[in-house]
Amino acid sequence: MSGAERNSQGTEGAGDETPPFRYTARIAGEIERNWQRRWEELGSYHAANPVGPLSGEDAAAEKLFVQDMFPYPSGAGLHVGHPLGFIGTDVYARYHRMLGRNVLHTMGFDAFGLPAEQYAMQTGTHPRTTTENNIERYLTQIRRLGLGHDERRRVATTDIEFYKWTQWIFLQIFHAWYDTEADQGRGRARPISELEAEFAAGKRSTPDGTPWEELDREQQRRIVDSYRLAYLSEAPVNWCPGLGTVVANEEVTAEGLSERGDFPVFRRNLKQWMMRITAYADRLVDDLDRLEWPDKVKTMQRNWIGRSQGAEVYFGLDDRAERIEVFTTRPDTLFGATYMVLAPEHPLADEILSAPERFGSWPEGTDQRWTGGYSGPAAAVAEYRRAAETKSELDRQENKDKTGVFTGMHAVNPVNGERVPVFVADYVLLSYGTGAIMAVPGQDQRDWEFAEKFGLPIVRTVQPPADFEGGAYTGDGPAINSSSGATGLSLDGLDVDEAKKKITSWLEEHGHGKGSVQYKLRDWLFARQRYWGEPFPVVYDEDGIPLGMPEDQLPVELPEVAEYSPRTYDPDDADSRPEPPLSKAEQWAEVELDLGDGLKHYQRDTNVMPQWAGSCWYQLRYIDPENHERFVDAENERYWMGPRPDRHGANDPGGLDLYVGGVEHAVLHLLYARFWQKVLYDLGHVSAEEPYRRLYNQGYIQAYAFTDSRGVYVPAEEVVEQDGRYFHAGEEVSREYGKMGKSLKNSVSPEEMADSYGVDTLRLYEMSMGPLDSSRPWATKDVIGSHRFLQRLWRNVVDERTGQPRVTDAEPDEDLLRALHKTIDSVRSDYDSLQFNTAVAKLIELNNRVTKEYSGSVGPPRSVMEPMVLLVAPLTPHLAEELWSRLGNEESLVHGPFPVADEDYLVEDTLEYPIQFNGKVRSRMTVPASAEQDELRATALADSRIQELLDGSEPRKVVVVPGRLVNVVG
RNA sequence: GCCCCCGUAGCCCAAUGGGCAGAGGCAGACGACUUAAAAUCGUCGUAGUGUCGGUUCGAGUCCGACCGGGGGCACCA
């Protein structure tokens, strides 16, 4: 499309007769540039802190902290979908700023990450250069939107001053441990020095009981290190050869691929940094109840943490000292446990492999189905394990057929002394619970399937309903077949909950088990073998013991390297090993330091932190971006984020007031950030227990895309619709609905819209097209409607020929006053609840009314137009400022005033009631608003139409709803 | 397979704790302005709320089943 044609969709193409002061795209653009410059000169969006370099008197006011999810400054440029949430938060922030609140709203950049690194690999451009260029470009785009950000508070995670504090926080976590006994068993992070002191004082015994002072320094360190909240662990991690790095569980899709790049991920034992997020599992679940978050996100976090209550049960083994420990959520079904299953990697399976003499052949009478065709348990288990290891996650998912082999061992069910066979099967996972289960086919569908296949006994221990058909019964019911003469225990007749309680205490009493809680949540794998991330502030001594850098040596800056990429491999090469880029900076990696016992040689950690690190705490840095002494000043933190029981109830955990972003961060960023916040809280560095008190997920702007017969995308803006079919250049094309993007040829940029209509029109349209939290299709052709409204509003204030105000000092009539105050009232409540679409509708409605009444030579009353200008100001700030100033006001309206509805105009003197007859509206009546039930009833029954319908008979019933209607039932 | 959310006019969307189905915008028709067109302004439809059943004086709203769309989880014992 040519430039001229493109313009014709806007108002720029208006002919010579266009009145000189009409609100066109050209005038809108001038106004927007002007006011953006004025705001900058005035520092209109500067929020005052109580103390420090950004302190100011405004901090005496009630605060509001509004935040958008940290954007990644991609080089691709924004489309109109990106700023939806940014505009939403801006409208909310502006509204509250006008109400007199001290509003903190800014935006920084989550700027570490792969794209800049990959671009560096291709072009040799330093990732910092790319990142900084992208940030500048991004800023140019969002600044044009007129967002009221405090520019002084912009941060980027890649700023050295910023990541110095990210490293500092890492050290706090590294130098801390979780005391599960603290705070009445809720647990709390404490400094690691306090743990060492407990060991040294003998208050806490070492794992094997050796007195502390008898251990050498290295042994002591190994023990202490095993308690740290950030720790090194040699454990199975997600190794992604295609990316050349390990990734967190949260970054692996259900198909076993990396979320970024879709490369296969393999479980490999590698030494890696972990964060002990599991220590916080209970608090992370429980505190969800204290948050004003969408239920959907809370549910996703609950599912991810996956807390389940149950019991550990110990099964003795035939002729052996060991026992098998299992975790079950259904200890009440113990009498139905007819076999057991170990995960293929279970330690007990190792013993079978290491004792082929004992497990060389099958016990007499072993069922053929149990052998897998092998000569004995040792061979069968070895082969089964090997097969399980090579199976990818995807294979395991696709094939849910139960497989397994018998181990040759029998265990003893503690409740009745019966011998049950022990199997190895891959439907049991080593990583969950104890890696072993008691199998209860009667009450578990998976066990049922296995039992059927292997010919194992099935015992129902819960009575299913009479009409129950099918396999395992997992519902409630009375316990059956659940007693034993041998042990004297009986659960028969108890319902599931009662039976659970009884059996759990019986197990504890007899030493056969105990109540237990399990979680799906695993510790957070925190290291990446990449370049463009925060280096770990850690060095290793000659014993390989990790030591935190002293605070005064922070930041540990990223070194220059020749190669920005880690070594990557064939995506399927599971046996490859990570080689971080920083390990190639040998000069940097080897370092002489004095860490207290003289100048010594150390080796730096060559991993970098995952991209999530910066976004775990950036809200704290927004508060105090210029503080060089501390990551955030305590008083400033308390002001902006501290708990406010007076406003939010006694249980308020604190946190910022409104956090808006997409739902895709439900478990990653939002879980990690909560975790860091809680550690910082425990260690006394912050006053808020939660980072984000209120969360709101904005929807997405989507778009139609069109493909021709070859399946190639054609420019969406050139497609025409005819009778429900779509054509491009005369050829029929097919329509699909989804994302907006350059490659789909359906991308619309904010700049195009701003050029055609002005930014205020774009902002207004985005806010009016639907509720902020729902997704909807973009429709460029609809934007004109928002623009027309602004033109009419402008015309009601400004004479299009002279540019002079049209308003008069005449008093509006009472009807108009009522309409105005009703609008004020409902727009305020819509703004409060983020219902911007209905606020816009009400403003248009009122403006249409004014337009109708005052379209002639007499302009509308100033006392109506001034409040209207103030009401739209959060949505269209540039236009509103311009009109406000043309109305003769010298002060900017950024800090108010904001109209207040006069209650007197909200109550009506008379009301029109519908009168229903048998539920259908048949007539109407107008009565005084004060009319009581009896009067309403009498007036309704006296209505001629109702009389007619009743036709002389008595109504069977009359329903009177004051303020609503009257329903006569005949 | 299980769980959650959503289906209102040609399209995007409104509609208090059940209480008059329509606030607003787009598109459309007609009209004003214009030599004409664009732009602008004015006037005006259209659906009975995905389907079936239930509760109720009264259901878009509550309950059940089903259909369609979106999302989450998926051997987690």
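Quick rundown of the values:
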read-out: Cα convex hull of the range A:308-518 - mean projected area over all directions, nm²; value: 11.9 nm²
read-out: Contour excess over end-to-end distance, with Cα ends at A:Glu954 and A:Arg320 and 0.36 nm allotted per residue; value: 219.3 nm
read-out: Where Rh is the Kirkwood radius over Cα pairs, Rg/Rh for the range A:623-758; value: 1.24
read-out: Percent of beta bridges antiparallel (DSSP, the range A:653-788, rounded to nearest 5); value: 70 percent
read-out: Pairwise centroid distance, computed over Cα atoms, of the range A:727-788 with the range A:300-329, Å; value: 54 Å
read-out: Set of lysines with alpha-carbon distance to A:Lys742 below 19 Å, sequence-local pairs under 8 removed; value: none
read-out: Counting DSSP beta bridges with both ends in chain A, the antiparallel % (nearest 5); value: 80 percent
read-out: Low-density loop cleavage sites - chymotrypsin sites (Phe, Trp or Tyr not before Pro) in the range A:463-514, where at most 15 other Cβ are within 10 Å (DSSP); value: A:Phe468
read-out: Positive minus negative residues near A:Ile324 (Lys, Arg vs Asp, Glu; Cβ under 12 Å); value: -3
read-out: Pairwise label distance in nanometres, A:Asp773 with A:Gln804, each label 7 Å out on the Cα-Cβ vector; value: 5.1 nm
read-out: Spatial separation of Cα centroids for the range A:926-946 and the range A:654-694, in angstrom; value: 56 Å
read-out: FRET efficiency for A:Glu136 and A:Arg694, using Cβ-Cβ distance with R0 set to 30 Å, rounded to 0.05; value: 0.40
read-out: Of A:Lys920/A:Lys957; A:Lys400/A:Lys453; A:Lys271/A:Lys402; A:Lys745/A:Lys781; A:Lys520/A:Lys678; A:Lys164/A:Lys678, pairs whose Cα-Cα distance is over 22 Å; value: A:Lys271/A:Lys402
read-out: C-alpha center-to-center spacing [the range A:160-227, the range A:228-261] in angstrom; value: 26 Å
read-out: Translational D in µm²/s for chain A (Stokes-Einstein at 25 °C, 0.890 mPa s, Kirkwood Rh from C-alpha pairs); value: 73 µm²/s
read-out: Set of lysines with alpha-carbon distance to A:Lys514 below 22 Å, sequence-local pairs under 8 removed; value: A:Lys500, A:Lys501, A:Lys502
read-out: Over chain A: helical MRE at 222 nm, DSSP H runs n ≥ 4 each giving -39500 (n - 2.57), nearest 500; value: -10000 deg cm²/dmol
read-out: Cα→Cβ-extended label distance, 7 Å offset, between A:Lys296 and A:Ala197, nm; value: 4.9 nm
read-out: Sites excluded, trypsin sites (Lys or Arg not before Pro) in DSSP loops with at most 10 other C-beta within 10 Å, longest stretch of chain A; value: A:401-709
read-out: Sparse-neighbour loop sites [GluC sites (Glu not before Pro); the range A:281-339; at most 14 other C-beta within 10 Å; DSSP]; value: A:Glu322
read-out: DSSP-defined beta bridges in the range A:908-969 - what % are antiparallel, rounded to 5; value: 80 percent
read-out: Crossing angle, helix A:160-174 versus chain A [Cα axis fit, 0-90 degrees, rounded to tens]; value: 40 degrees
read-out: Computed E for A:Asp572/A:Arg735 - FRET, C-beta separation, R0 51 angstrom, nearest 0.05; value: 0.85
read-out: Radius of gyration, Dmax [the range A:908-969; alpha carbons; angstrom]; value: 10.7, 34
read-out: Inter-label distance, nm, simple model (7 Å from Cα along the C-beta direction), A:Gln603/A:Glu62; value: 5.9 nm
read-out: DSSP-assigned coil residues among GluC sites (Glu not before Pro) in the range A:611-667, each with at most 13 further Cβ atoms within 10 Å; value: A:Glu626, A:Glu629
read-out: Dipole magnitude (debye, nearest 20) for chain A, charges at Cβ of Lys, Arg, Asp, Glu; value: 1460 debye
read-out: Estimated FRET transfer efficiency (A:Arg647, A:Val720; beta-carbon r; R0 45 Å; 0.05); value: 0.25
read-out: Within straight-line cross-link reach of A:Lys822, lysines at Cα separation under 26 Å, skipping those fewer than 8 residues along the same chain; value: A:Lys842, A:Lys852
read-out: Amide N of the range A:42-58 lying under 19 Å from the label point, which is placed 7 angstrom from the Cα of A:His628 along Cα→Cβ; value: A:51-55
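Read the figures in this text as sums done on the coordinates, not as results from a lab. What you are looking at is a predicted structure, and each value in this text was computed from that prediction instead of being measured. With ideal geometry, Cβ positions are generated from the backbone for all residues, glycine too; neighbour counts draw on all protein chains shown.
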